[in-house]
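The values are calculated or read from the model by the stated rules, or taken from the named source; none is laboratory data. Quantities reported herein were computed from a predicted structural model and do not represent experimental measurements. Cβ coordinates were reconstructed from backbone atoms using ideal geometry, including for glycine residues, and neighbour counts include every protein chain displayed.
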Amino acid sequence: MDVGAGTHTQPHAPHATESARAPGAKKTQPMDALIIEGGRPLAGRVPISGAKNAALPVMAAALLAPGEHVLRNVPSLADTRTMARVLEKLGARVEFNDHVCRIDTTRVNSVEAPYDLVRTMRASIYVLGPLLARFAAARVSLPGGCAWGPRPVNLHLEGLNAMGAALDIDHGYIVGKSVKLAGAHIRHETVSVGATAQIMMAATLASGTTIIEGAAVEPDITELGRVLIACGARIDGLGTRTVSIHGVERLQPIDCTIIPDRIEAATFLAAAAITGGSVTIDHCDPEHIAATIDKLTEAGCDIHAGPREVTISGPVRPAALKIDTQPYPGFPTDMQAQMMALCSVADGTSIITDTIYLDRFTHVPELARLGARITLDQNTATIDGVERLQGAPVMATDIRASAALVLAALVAQGTTRISRIYHLDRGYEALDQKLAALGARIERIKE
Ligand code: EPZ
């Protein structure tokens with residue numbers, strides 16, 4: 001569906017799809033695998049890349065303001081490249097070079113985000129609100145589920161409908177036509193990162209004020225809010241559970257820098273902990289990973305945080321833990337699988353409950369193949385720590401489950417082969433290269 005009159009009707013802007021793929025970035029083959037020899041404590045310094053979950057909404061927000069947006073420290077990942085392709089499909093020009101993503105949305109001339117792209121990355125739905133806000137129309141595929149189960153988007157749709165979008169579902173697509181968004185008072189019983197981002201973006205150009213009660217306060221969301229304010233949006237209450245967005249006529253393009261990836265940072269801390277190594281993570285924000293630092297300290301790690309770095313020394317053997325995942329600033333669900341790998345070799349019995357996703361446990365049977373002793377009861381895992389894990393062939397199933405298998409393989413006796421690591425490459429930039437630089441015996445092969 002092309003956007004209506006009064007918008008850009010130039011022929012499809014010739015945009016270099018290839019440029020959306022960062023040069024030099026290994027294009028992951030569908031069946032790459034990792035071979036890992038366990039038993040080496042990690043040592044050294046590792047730079048943390050830009051945050052995937054902060055970059056994706058900011059990339060979509062570029063649709064709100066015509067012009068060239070410059071996003072710096074954007075991680076080179078399958079997911080950010082997918083978002084670039086979605087934007088190009090809409091007619092934007094995207095250049096992605098050396099972690100700088102230039103997005104020119106002057107000539108956006110379509111409002112359709114197709115199923116074949118959206119199904120590969122749920123966050124593509126972030127274009128919905130901006131398209132409705134700027135073009136008064138959208139046709140965005142429903143994202144469907146993910147590796148571990150249903151991922152509803154009702155809070156996104158209810159919020160936009162409360163603002164007057166009157167969205168229809170037509171053959172698997174979310175459709176909005178001649179939409180004029182108006183402010184609304186929206187209350188979320190469930191904290192939703194995506195819905196908070198979606199509604200906040202749409203509300204920047206709506207008439208009147210939108211209030212979100214029960215808003216997410218993840219750093220990715222407060223950062224999105226800061227970027228929108230820098231574009232000219234009027235937002236109060238960022239970082240609190242009640243955010244107010246006062247609509248404005250138009251926004252300006254932005255030059256911004258993406259915050260460090262707190263989940264990548266926390267994953268490297270867990271990797272140092274599980275191997276009993278000593279690692280410094282650079283370019284991170286210790287405040288964003290406070291919940292993980294607390295749990296790893298409880299597990300017996302020695303951790304020192306500087307302004308932009310954290311140094312960790314792992315214990316000979318981690319102590320058992322009890323973890324309940326919570327919305328930020330609680331313990332992140334995106335670290336649940338990685339901490340389960342650590343608890344697999346802990347001294348004692350650990351209990352991990354995921355209160356955010358009740359079915360995010362596809363890593364459990366794969367960890368069991370490495371010798372982990374885990375029993376599941378609904379959304380609670382009981383992990384009886386073992387002295388040693390044994391290397392074996394295993395299969396990655398989603399981004400964080402893959403990271404959990406890498407951590408377990410780093411400490412397992414012998415060789416582990418992890419297949420389908422395209423899952424890993426969706427959310428971690430050059431994880432194998434960064435681990436090898438810390439002394440891990442890890443090799444990427446073509447299966
Ligand atoms: C974001 O997903 C992250 N993704 C996820 O990270 C992360 O696990 C999740 O937030 C929770 O922190 C990105 O930011 C791209 P939610 P999102 O809406 O926004 C329910 C990773 O590994 N819900 O906060 O989709 C939902 O089922 C990924 O990087 C509804 O019921 O998560 C869940 O139980 C995986 N209806 C809870 O809310 C909705 O409309 C929190 O989900 C939306 C969500």
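If only one of Leu63, Leu131, Leu77 is buried (at least 24 other Cβ atoms within 10 Å of the Cβ) and within 16 Å of the ligand (Cβ to nearest atom), which one is it?
Leu77
Can you pull out the residues in segment 384-429 that are free of Cβ contacts under 8 Å to residues at least 60 places away in the same chain, in contact with a helix residue (DSSP H, G or I) (Cβ under 7 Å, 6 or more places away or on another chain) and either away from the ligand (no atom under 16 Å from the Cβ) or not assigned by TED's automatic domain parsing to the domain that holds Ile352 (or both)?
Val386, Ala392, Val394, Met395
Go through (1) within 9 Å of the ligand (Cβ to nearest atom); (2) part of a strand (DSSP E or B) one by one and return the number of the condition Val175 breaks.
(1)
Can you name every residue in segment 217-270 that is among the basic types (Lys, Arg) and farther than 24 Å from His188 by Cβ?
Passing the criteria: only Arg250.
Looking for whichever is within 16 Å of the ligand (Cβ to nearest atom) and at pLDDT below 95 here; the options are Asp354, Asp359. Which one fits?
Asp359
Return the total of residues in segment 208-227 being away from the ligand (no atom under 16 Å from the Cβ) and either under 14 Å from Gly129 (Cα atoms) or crowded, with 24+ Cβ neighbours inside 10 Å (or both).
1
Is it true that Thr190 is away from the ligand (no atom under 16 Å from the Cβ), under 21 Å from Gly214 (Cβ atoms), at pLDDT 95 or above and of a type in the set (S, T, N, Q)?
no
Return the only residue of Leu167, Leu155 being out of contact with any Cys (no Cβ under 9 Å at 6 or more places or on another chain), free of Cβ contacts under 8 Å to residues at least 40 places away in the same chain and either within 14 Å of the ligand (Cβ to nearest atom) or on the phi > 0 side of the Ramachandran plot (or both).
Criteria check complete, one pass: Leu167.
Would you please name the residue that is nearest to Ala216 (Cα to Cα), looking only at residues in segment 237-265 that are of a type in the set (Gly, Ala, Ser) and out of contact with any Cys (no Cβ under 9 Å at 6 or more places or on another chain)?
Gly239
Determine the pairs where a residue that is assigned to a helix (DSSP H, G or I), located within segment 223-237, has a partner that is surrounded by fewer than 17 Cβ atoms within 10 Å (Cβ to Cβ) and of a type in the set (Asp, Glu) with Cβ atoms under 9 Å apart, the partner being 6 or more residues away or on another chain.
Partner pairs satisfying both residue conditions: Ala230/Asp255.
Answer yes or no as to whether Ile293 is in contact (Cβ under 8 Å) with a residue 24 or more places away in the chain, of a type in the set (A, V, I, L, M) and assigned to a strand (DSSP E or B).
no
Considering only segment 205-218, I want to know if a residue exists there that is in the same structural domain as Leu63 (by TED's automatic domain parsing), farther than 16 Å from Ser244 by Cα and outside any strand (DSSP E or B).
The initial filter retains those residues of segment 205-218 that are in the same structural domain as Leu63 (by TED's automatic domain parsing), namely 205-218.
Those still in the list that are farther than 16 Å from Ser244 by Cα too: 218.
Next, only the ones that are outside any strand (DSSP E or B) stay: 218.
Yes, the conditions are met somewhere in segment 205-218.
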